[in-house]
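Undergrad: Let me begin by handing over the structure; questions about it come next.
The values are calculated or read from the model by the stated rules, or taken from the named source; none is laboratory data. Remember, predicted model here, so these are calculated numbers, not experimental data. Cβ placement follows ideal geometry from the backbone for every residue including glycine, while neighbour counts extend to all protein chains displayed.
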Amino acid sequence: MQLTASPTERTTAATDMLLSLTAAAGVVYLYGSQAVPSVRLQLWSWPLGLIAAAAALGALYHGLILPAQVRRRLWQALTLLLAFALALFGVGIAYDLFGPEAARRGVIPALAA
């Protein structure tokens, strides 16, 4: 595998990797803050973990010279991870604003959308 020659693509890859590491550090921080993880903590750590994974895939997509088929698959996986992350952010907001029942009712429709 070779790195891309484009400076903008390399910068984007570096930014994606930094975002991935930051989001992963957020998950580690959240889990380190409680001896027994609460539902709320788990609910908020999932979107961060998905963002970390999507950003890592973005770093590969932007930073490496890859065959078109591989790039297409990476982009599809990245988009799916971001969609799930966004849906779970919405569920987390519903949990915080309206309580656990609202989050339970909203999780399936949010992920299905």
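Undergrad: Please work out if Leu48 is under 14 Å from the mean Cα position of the chain (by Cα) and in contact (Cβ under 8 Å) with a residue 60 or more places away in the chain.
TA: The answer is no for Leu48.
Undergrad: Residue under question is Tyr61, and the condition is that it be within 25 Å of Met1 (Cβ to Cβ), of a type in the set (Phe, Trp, Tyr), without any contact (Cβ under 8 Å) to a residue 60 or more places away in the chain and part of a helix (DSSP H, G or I); does it hold?
TA: yes
Undergrad: Any idea which of Ala5, Ala14 is at pLDDT 95 or above, part of a loop (DSSP other than H, G, I, E, B) and aliphatic (A, V, I, L, M)? Before you say what the answer is, go through the steps one by one.
TA: Working: Ala14 fails: part of a loop (DSSP other than H, G, I, E, B).
Exactly one of Ala5, Ala14 is at pLDDT 95 or above, part of a loop (DSSP other than H, G, I, E, B) and aliphatic (A, V, I, L, M), namely Ala5.
Undergrad: Pairs please, first residue from segment 5-19 and closer than 14 Å to Ile65 by Cβ, second anywhere and among the hydroxyl-bearing types (Ser, Thr, Tyr) and surrounded by 14 or more Cβ atoms within 10 Å (Cβ to Cβ), Cβ atoms under 7 Å, 6+ apart in sequence or on different chains.
TA: Arg10/Thr4
Undergrad: Of the residues Ala68, Ala59, Ala94, which single one is out of contact with any strand residue (DSSP E or B) (no Cβ under 7 Å at 6 or more places or on another chain) and within 14 Å of Ala23 (Cβ to Cβ)?
TA: Sole residue among the options that is out of contact with any strand residue (DSSP E or B) (no Cβ under 7 Å at 6 or more places or on another chain) and within 14 Å of Ala23 (Cβ to Cβ): Ala59.
Undergrad: With the checklist (1) in a helix (DSSP H, G or I); (2) of a type in the set (A, V, I, L, M, F, W, C); (3) without any contact (Cβ under 8 Å) to a residue 40 or more places away in the chain; (4) over 20 Å from Leu111 (Cα atoms) in hand, flag the one item Val36 doesn't pass.
TA: Going through (1) in a helix (DSSP H, G or I); (2) of a type in the set (A, V, I, L, M, F, W, C); (3) without any contact (Cβ under 8 Å) to a residue 40 or more places away in the chain; (4) over 20 Å from Leu111 (Cα atoms) one by one, Val36 breaks only (1).
Undergrad: Which condition number in (1) surrounded by fewer than 18 Cβ atoms within 10 Å (Cβ to Cβ); (2) in contact with a helix residue (DSSP H, G or I) (Cβ under 9 Å, 6 or more places away or on another chain); (3) of a type in the set (S, T, N, Q); (4) in a helix (DSSP H, G or I) is the one that Ser45 fails?
TA: The one condition Ser45 does not meet is (1).
Undergrad: Any residue at all in segment 19-26 that's buried (at least 19 other Cβ atoms within 10 Å of the Cβ) and closer than 17 Å to Ile93 by Cβ?
TA: Checking segment 19-26: not a single residue is buried (at least 19 other Cβ atoms within 10 Å of the Cβ) and closer than 17 Å to Ile93 by Cβ.
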